[in-house]
Amino acid sequence: YAFDGDNMKVKYLMKEHEDDLTQAINAFFKEHPNIKMKDMFSTAACIYEETQIYCFSALLVYEE
């Protein structure tokens, strides 16, 4: 790919449960079987006042 990333794409996924995020990532891979993964970053976030909130996300950097 070009140095400036002309062929690079990103996909952001966010779910409340880690299993849902796993399913979303696997579904994305199934829909795009020919992608070349470059990087993947995921996070989980937590507390708001007295409530524990989970937010699992993934940023997929790839080229088709």
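Our helix-only sum for the chain, with -39,500 (n - 2.57) per DSSP H run of n ≥ 4 divided by its residues, gives a mean residue ellipticity at 222 nm of -7000 deg cm²/dmol.
Estimated at the nearest 10 Å², the accessible area of Leu59 is 70 Å² with a 1.4 Å probe. Between the labelled values (i) 13.0; (ii) 12.8; (iii) 11.9, the entry that holds Kirkwood radius over Cα pairs in Å as derived from this structure is (i). With each label modelled as a point 7 angstrom along the Cα→C-beta vector, the Cys55-Ala24 pair spans 1.2 nm. Charge dipole of the range 1-56 (Cα centre as origin; +1 on each Lys and Arg Cβ, -1 on each Asp and Glu Cβ, all else neutral): 400 debye, rounded to the nearest 20. If you take all other residues with their beta carbon under 15 Å from the beta carbon of Phe56, and give Lys and Arg +1 and Asp and Glu -1, the sum is -2. The GluC sites (Glu not before Pro) found in the range 1-50 that occupy coil by DSSP, while having at most 11 further C-beta atoms within 10 Å, are Glu16, Glu49, Glu50. Take the chain and mark each of the chymotrypsin sites (Phe, Trp or Tyr not before Pro) that is in a DSSP loop with at most 12 other Cβ atoms within 10 Å; the longest unmarked stretch, sites excluded, is 4-64.
The values are calculated or read from the model by the stated rules, or taken from the named source; none is laboratory data. No experiment lies behind these values; they were computed from the predicted model shown. With ideal geometry, Cβ positions are generated from the backbone for all residues, glycine too; neighbour counts draw on all protein chains shown. Note: areas computed on protein heavy atoms with side chains; ligands, DNA, RNA excluded. Shrake-Rupley method; radii C 1.70, N 1.55, O 1.52, S 1.80 Å.
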